[in-house]
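Novice: Got a structure for you, questions after.
The values are calculated or read from the model by the stated rules, or taken from the named source; none is laboratory data. None of these values were measured; they are calculated from a predicted model. As a convention, Cβ positions derive from the backbone with ideal geometry for all residues, glycine included, and neighbour counts pool all protein chains shown.
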Amino acid sequence: MKRLAVGLLVLVVAYLLFWPVPIDPQSWSPPVAPATDEGPFAVNQRLQSVEVLAADAGVGPEGLAFDADGALYTGFVDGRVVTLDAASGRVTELANTGGRPLGMVMTEAGLVVADAINGLLRIDADGEVATLSTESDARPFRFVDDVDVAPDGRIYFSDASHRFGMDELMHDFFEHAGTGRLLRHDPVTGTTETLVDGLYFANGIAVGPDGDYVLVTETGRYQVTRYWLKGPQAGTTDVFIDNLPGFPDNISYDDEGRFWLALYAPRDPLLDRILPQPWVRKILFRLPQWMHPEPKPYAAIVALDTDGQVVANAQASGSDIFGPITSVKRRGDTLYMGSLSYPGVARVPLSAVMLAE
């Protein structure tokens, strides 16, 4: 019996150390997480009470978009893209992409959708779905995530990872190799180009004021990166804000000087400790899925001014919250929030989340 136990132990250790895995983890040393007991990221419960619309209509309304008349658009895990009447809560199906619609933005030619599976799509008023782009530089998209449109009509979007698709999301985080891209599609010429490669889970996209630059969230690096479109810095990148207290997700600009950023989950001290240790991440990857740590129930959004300074911070924690929040859009004096995995769309008055001046 003792020999059997020793043999089993040897097999387990050998498996954890040597079993082949589909990832090649890279070392990265994150900065010390910012304080959350005070300062701009101080813990609060401003999102503890939110109104939830159309909770029975579908699950996972990750992306949100408004048209000029104020109609709200979103998409669900079953591929449906719908309009949501914010007054009545009535949901009307516009189309089904057959994939997983995530970020979206309304353009003059129709609703443009970042579909994680099917690429960059456009849906017209009649619900007809057209494919705009599925690759760049002969490299197919694996995880199209978010999208925005510039004043000149060109479309900016993200491919979170050119190695792993949505069903392998955690592969990218375990590997942490910088396989995301910022891309631009020209609807006039039909061409797509890669603007920035090597991003760490390229996620949310927001075109800045006057189309001077575009922001892309790097979820794997706790930061928002800026790519300049105009001026002497055109074609270069810099850091808009870094060392966030959580994993940045979708971001949007409200045309009044604020970027609204959703934080998917808080920083995990254990993850920060093992990011410099690729071999440890390989061992953890080999563990059964049920042994992988799960983020605690959490909801958070922050607003940034055009200098990258925090001007709003709203959170909630506990079992009975709307979360995780993965997108936030402002419409008038109301903030609307979507989630990758929660049913319904939440909203809260703008005044409830702003920091005192």
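Novice: Tally up the residues in the range 73-120 that are assigned to a loop (DSSP other than H, G, I, E, B) and either of a type in the set (A, V, I, L, M, F, W, C) or modelled with pLDDT of 95 or more (or both), please.
Specialist: Looking only at the range 73-120, we keep the residues that are assigned to a loop (DSSP other than H, G, I, E, B), and these are 76-79, 85-90, 97-100, 108-109, 116-118.
When the remaining residues are screened for being either of a type in the set (A, V, I, L, M, F, W, C) or modelled with pLDDT of 95 or more (or both), the result is 76-79, 86-87, 97-100, 109, 116-118.
Selection size over the range 73-120: 14.
Novice: Go through the range 232-247 and give me each residue that's under 23 Å from GLU193 (Cβ atoms), of a type in the set (Val, Ile, Thr) and not in a loop (DSSP other than H, G, I, E, B). If you could, list the steps in order and put the result at the bottom.
Specialist: Step one: of the range 232-247, the residues under 23 Å from GLU193 (Cβ atoms) are 232-240.
The next check asks that each one be of a type in the set (Val, Ile, Thr); those that pass are 236-237, 239.
Matches in the range 232-247: THR237, VAL239.
Novice: Among what's in the range 193-206 and is crowded, with 22+ Cβ neighbours inside 10 Å and in a strand (DSSP E or B), pick the residue that is farthest from the chain's Cα centre (by Cα).
Specialist: Filtering the range 193-206 for residues crowded, with 22+ Cβ neighbours inside 10 Å gives 199-206.
Checking the rest, the ones that are also in a strand (DSSP E or B) come to 199, 202-206.
Values: LEU199: 13, ALA202: 8, ASN203: 4, GLY204: 5, ILE205: 9, ALA206: 11 Å.
Step by step, filter the range 193-206, then rank; the result is LEU199.
Novice: The conditions are (1) modelled with pLDDT of 80 or more; (2) under 23 Å from TRP279 (Cβ atoms); (3) surrounded by 13 or more Cβ atoms within 10 Å (Cβ to Cβ), and ASP24 fails exactly one of them. Which is it?
Specialist: If we test ASP24 against (1) modelled with pLDDT of 80 or more; (2) under 23 Å from TRP279 (Cβ atoms); (3) surrounded by 13 or more Cβ atoms within 10 Å (Cβ to Cβ), just (3) comes out false.
Novice: Can you find a residue that is closer than 27 Å to GLY60 by Cα, hydrophobic (A, V, I, L, M, F, W, C) and under 22 Å from the mean Cα position of the chain (by Cα) anywhere in the range 272-294?
Specialist: No, there is no match, as no residue in the range 272-294 is closer than 27 Å to GLY60 by Cα, hydrophobic (A, V, I, L, M, F, W, C) and under 22 Å from the mean Cα position of the chain (by Cα).
Novice: So GLY308 fits all but one of (1) out of contact with any helix residue (DSSP H, G or I) (no Cβ under 8 Å at 6 or more places or on another chain); (2) on the phi < 0 side of the Ramachandran plot; what number is the exception?
Specialist: (2)
Novice: Across the range 149-187, which residue is surrounded by the fewest Cβ atoms within 10 Å (Cβ to Cβ) among those that are assigned to a helix (DSSP H, G or I) and not aromatic (Phe, Trp, Tyr)?
Specialist: Looking only at the range 149-187, we keep the residues that are assigned to a helix (DSSP H, G or I), and these are 166-175.
Cutting the leftovers down to not aromatic (Phe, Trp, Tyr) gives us 166-172, 175.
On the way: MET166: 18, ASP167: 11, GLU168: 16, LEU169: 16, MET170: 13, HIS171: 16, ASP172: 25, GLU175: 24.
It comes out as ASP167.
Novice: Which of (1) at negative phi; (2) surrounded by fewer than 14 Cβ atoms within 10 Å (Cβ to Cβ) is the odd one out, the single condition GLY190 does not satisfy?
Specialist: Checking GLY190 against (1) at negative phi; (2) surrounded by fewer than 14 Cβ atoms within 10 Å (Cβ to Cβ), the one that fails is (1).
Novice: Go through the range 288-322 and count every residue that is part of a loop (DSSP other than H, G, I, E, B), in contact (Cβ under 8 Å) with a residue 60 or more places away in the chain and surrounded by 14 or more Cβ atoms within 10 Å (Cβ to Cβ).
Specialist: Total meeting the criteria: 4.
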